[in-house]
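Engineer: Please read through the structure below; I'll follow up with questions.
The values are calculated or read from the model by the stated rules, or taken from the named source; none is laboratory data. Small disclaimer: the values here were computed from a predicted structure and weren't measured. Cβ: placed from backbone, ideal geometry, glycine included. Neighbour counts: every protein chain shown.
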Amino acid sequence: MKHRKPSGPKREERRPAGPGRRPEPALDPEPRPRRESVEEIARENRRERPAVEWPSGARPGFSTPVILEVEPTGDYALLDSGDGEKLERYGPLTIRRPENQAIWPRRLAPGAWDGADAIFTGDTDEEGAGRWRFPREAHGETWAMRQDGLPYWGRFTSFRHVGVFPEQAVHWRFMVEAIERARAESSRPVRVLNLFGYTGLASLLAARAGAEVTHVDASKRAIAWARENAEVAGLADKPIRWICEDAVRYAEREARRGSSYEIILLDPPKFGRGPKGEVWQIFEDLPHLLVLMRQLLADRPLALVLTAYSIRSSFYSLAALMGETMRGQGGRIESGELVIREEGEDARLLSTSLFSRWVSS
């Protein structure tokens with residue numbers, strides 16, 4: 001759950017406060033180094049990028065644009081948006097935080113916004129640090145949440161995120177249906193690779209549906225959070241491999257091993273760093289990574305799903321890249337946007353990200 005989560009160093013997170021556990025005191029953020037440009041950081045930690053060997057054959061058929069909507073549910077609702085912010089309900093809590101896409105006026109009265117349980121203030125950059133204010137009553141760092149019946153921990157992080165990106169629910173449900181359908185049609189295992197896996201909801205939903213899952217993220221804190229979510233969801237004994245590693249390095253090694261997966265999800269940031277300082281830049285590194293994903297698809301694959309946040313691009317560009325990646329594979333490519341529909345009358349759609357996914361049929 002991706003806008004985007006930093007894949008490199010983060011503020012030290014506290015251990016979630018579960019039932020009967022007192023929240024630990026918040027730790028101060030790590031000292032922030034001199035602000036460098038993305039170009040400066042990339043020059044210092046440039047990744048050796050091999051020449052991409054593109055597949056041959058006919059491109060799959062295309063469906064564009066495809067707009068996938070998330071509707072309000074009891075677990076989550078976008079109550080309102082506008083003036084550079086969004087007002088959301090996560091389970092029992094209402095949360096107010098920045099949203100650069102919301103350039104229109106708000107629909108609800110000021111009282112609805114001012115009465116939010118949690119309000120994010122401070123640095124509004126995607127990877128900037130800020131703090132949460134609780135106007136009504138003090139809240140712990142974590143609270144219990146659910147996604148399609150699966151319980152997990154929400155958390156107020158200094159990067160304005162809460163551990164889930166609700167627009168991804170459309171991809172998760174698509175994945176779960178594909179897993180259940182494949183298992184019903186045959187007894188073969190369904191293996192899922194979840195790259196940039198963050199707090200693990202996609203991995204847990206896949207495991208609950210019966211898949212064997214490999215979850216990869218460059219952040220030790222994100223991996224720890226995901227494993228705690230597995231405990232909360234009662235899925236700690238499911239076949240999930242938790243891998244803390246740079247996504248490209250892991251994919252390269254898996255390709256050399258001849259590993260394969262029926263479903264691959266990748267949700268990369270625009271920019272990030274791996275555990276050993278490896279620099280990720282989406283426009284430079286994504287073509288190589290996608291071709292690696294093609295190599296890792298099983299003989300009878302089901303889907304390859306790519307989501308991209310906060311980039312200056314078009315879903316047509318992602319569709320063209322996916323088309324070149326999947327030459328000769330058949331199937332079809334669906335590309336467009338993930339959007340969240342506001343709750344109530346006169347609702348609008350908030351666009352959150354671009355996506356492109358290849359499906360076998």
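Engineer: Out of (1) under 22 Å from LEU350 (Cα atoms); (2) crowded, with 19+ Cβ neighbours inside 10 Å, what's the single condition that is false for ASP148?
Structural biologist: (2)
Engineer: Please pick out the residue among ALA184, ALA169, ALA178 that is surrounded by fewer than 19 Cβ atoms within 10 Å (Cβ to Cβ) and among the aliphatic types (A, V, I, L, M).
Structural biologist: ALA184
Engineer: When the residues of segment 55-99 are filtered to those that are closer than 19 Å to ALA169 by Cβ and of a type in the set (Lys, Arg), which remaining residue is surrounded by the most Cβ atoms within 10 Å (Cβ to Cβ)?
Structural biologist: The selected residue is LYS86.
Engineer: In addition: Residues in segment 139-158: is at least one acidic (Asp, Glu) and within 19 Å of the chain's Cα centre (by Cα)?
Structural biologist: For segment 139-158, residues acidic (Asp, Glu) and within 19 Å of the chain's Cα centre (by Cα): present.
Engineer: Hey, another quick one. Quick check: is even one residue across segment 319-328 in contact with a Ser or Thr (Cβ under 8 Å, 6 or more places away or on another chain), assigned to a loop (DSSP other than H, G, I, E, B) and buried (at least 16 other Cβ atoms within 10 Å of the Cβ)?
Structural biologist: no
Engineer: Also, I was wondering about something else. Criterion first (assigned by TED's automatic domain parsing to the domain that holds VAL339 and farther than 20 Å from ALA251 by Cα) does LEU193 satisfy it?
Structural biologist: no
Engineer: Could you tell me which residue of segment 179-202 is nearest to the chain's Cα centre (by Cα), considering only residues that are small (Gly, Ala, Ser) and in a loop (DSSP other than H, G, I, E, B)?
Structural biologist: Initially, segment 179-202 is screened for residues small (Gly, Ala, Ser), giving 182, 184, 186-187, 197, 200, 202.
Those still in the list that are in a loop (DSSP other than H, G, I, E, B) too: 186-187, 197, 200.
Working: SER186: 30, SER187: 29, GLY197: 7, GLY200: 9 Å.
Residue satisfying both the conditions and the ranking: GLY197.
Residues are listed down the side, and each one gets a yes or a no for (1) small (Gly, Ala, Ser); (2) more than 20 Å from the chain's Cα centre (by Cα):
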residue	(1), (2)
GLY272	yes, no
PRO275	no, no
VAL279	no, no
VAL305	no, no
TYR316	no, yes
GLY331	yes, yes
